[in-house]
1. Separation between the Arg99 and Glu119 pseudo-spin-labels, each 7 Å from Cα along Cα→Cβ, expressed in nm?
2. Write down the Å³ per residue value for the convex hull defined by the alpha carbon atoms of the chain.
3. Please list, in chain and number order, the residues 5+ apart from Arg21 or on another chain whose amide H is under 5 Å from its amide H, with Hs placed from the backbone.
4. Amide H neighbours of Ile40 under 5 Å, counting only residues 5+ apart in sequence or on other chains, H built in-plane at 1.01 Å?
5. Quick one: go through segment 79-98 and flag any residue whose amide nitrogen is under 19 Å from the point 7 Å out along the Cα-to-Cβ line of Lys66.
6. Mean separation of Cα pairs under 8 Å and 6+ residues apart, divided by the residue count of the chain: what relative contact order is that in percent?
7. Once label points are set 7 Å from the Cα along Cα→Cβ at both Glu112 and Lys166, what is their separation, rounded to one decimal in nm?
8. What is the distance in Å between the Cα centroid of segment 115-138 and that of segment 29-60?
Amino acid sequence: MKVINKLKDTEFPNIGISHTRNIVRGIILNGDNKIALLKIKRDDIFGKANYYETPGGGKKQFESLKDALIREIDEELGYKIKVIQELGLVEDDYNLIMRHNMNHYFLGRVVEKTMIHLESFGDSFIDDIVWVSIDEAISLYEQMSDSGVAKLVKNRELPILHIVKKILGGK
């Protein structure tokens, strides 16, 4: 998978990295070519935050990246999807939890409605799911905070959204 970006966490003190996590993330299109974003609200070790994030999560040990994405989208959005293409890899760090992330991004399309069944602790931060155009998504990210965990997510995902805009025929 093509490396899009390698980011360092400049928001929180660097106390070292103890582990790496493979994560899958999807830019998921519905029948109207709108993409799903998770509205995240949290008040934890990262502080109080309110931001958007693409759906996805950790890859289990014996899963392929595509199978992990299909599972995560089913859990978080309640849809079976078809994976259209790989978008790229973004590496980033979360200093507070001493973790290096390997974020594998894919473009996918909903195929069939299932049922949301949130399973991980991270899923507890999902406040809402919004379906927006790619331009609206880019605008929402551009308006996100330039500090804390929101900044980390914004720096990770905004370049991916611009790639998807080009794929979808935008300028």
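1. With each label point 7 Å from Cα toward Cβ, the separation is 1.6 nm.
2. 111
3. Residues meeting the criterion, in which the H sits 1.01 Å from N, are His100, Asn101, Met102.
4. For Ile40, the qualifying residues are Tyr51, Tyr52, Glu53, Asp127.
5. 79-89
6. After rounding, I find 31 percent.
7. 3.5
8. 5
The values are calculated or read from the model by the stated rules, or taken from the named source; none is laboratory data. Small disclaimer: the values here were computed from a predicted structure and weren't measured. Ideal geometry is used to build each Cβ from the backbone, glycine not excepted, and the neighbour counts take in all protein chains shown. We work out accessible area using only protein heavy atoms, side chains counted, and drop any ligands, DNA or RNA first. Shrake-Rupley method; radii C 1.70, N 1.55, O 1.52, S 1.80 Å.
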